[in-house]
1. Would you compute, from DSSP H runs of 4+ residues alone, the mean residue ellipticity of the chain at 222 nm, taking -39500 (n - 2.57) per run and dividing by the full residue count, rounded to the nearest 500?
2. Using R₀ = 25 Å, calculate the FRET efficiency as 1/(1 + (r/R₀)^6) where r is the Cβ-Cβ separation of Asp84 and Lys27; round to 0.05.
3. Would you mind working out the magnitude of the charge dipole of the chain relative to its Cα centre, with +1 at each Lys and Arg C-beta and -1 at each Asp and Glu C-beta, to the nearest 20 Debye?
4. Among Ile8, Ile112, Val81, whose Cα projects farthest towards the positive end of the dipole of the chain, with charges put on the beta-carbon of Lys, Arg (+1) and Asp, Glu (-1)?
5. Under the classification rounded if a/c is under 1.5, otherwise prolate if a/b is larger than b/c and oblate if not, where does segment 39-117 fall, given a ≥ b ≥ c as square roots of the Cα gyration tensor eigenvalues?
6. Kindly count the pairs of lysines across the chain whose alpha carbons are less than 26 Å apart, treating pairs on different chains or eight or more residues apart as eligible.
7. Within the chain, what's the longest run with no trypsin sites (Lys or Arg not before Pro) in a DSSP loop and at most 11 other beta-carbon atoms within 10 Å? Give the range, please.
8. Quick one: angle between helix 2-20 and the longest Cα principal axis of the chain, in degrees between 0 and 90, rounded to 10, please.
Amino acid sequence: MKKLLYFILMMATASVLLVSCTYEEIKPEKVDIPDSVKFALNIIPIFNASCNNVGCHNKGGIPPDLSAANAFVSLTFFGYVDVDVPESSIIYQTITTGSMKNNATNQERALILEWIKQGAQDN
């Protein structure tokens with residue numbers, strides 16, 4: 001009798017656990033990327049909105065200098081972009097998993113990555 005009661009109790013517990021589990025599908029945010037990402041049109045506005053504020057990544061601030069006049073040279077000359085392996089670029093890593101990940105949206109990350117994939121041109 002004890003074995004039967006134990007078996008029923010175990011089956012009831014297993015049933016509750018199986019029924020109570022739910023799965024919620026999380027769909028990634030859809031981002032729209034233009035066919036040609038332009039540095040001046042698409043990338044500089046990201047830096048102007050979030051990065052090159054007073055005391056941050058502006059001239060004389062924390063490197064890299066992401067002010068409109070100096071951002072391209074700072075990123076390309078000082079090795080913040082890697083056109084051979086764009087996902088390994090320091091700028092992309094920093095805004096994706098690094099210290100600035102909370103300061104960029106998925107749209108901004110996608111634009112920066114696509115700009116690097118397209119050769120990180122000063123256009």
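1. It comes out at -12500 deg cm²/dmol, rounded to the nearest 500.
2. 0.20
3. 660
4. Ile8
5. Rounded.
6. 10
7. After excluding every exposed loop site, the longest remaining stretch is 60-123.
8. With both axes taken from Cα atoms, the answer is about 30 degrees.
A short reminder: the numbers here are calculations on the coordinates, not readings from a lab. Keep in mind it's a predicted model, so treat the numbers as computed, not measured. Virtual Cβ from ideal backbone geometry, glycine too; neighbours counted across all protein chains shown.
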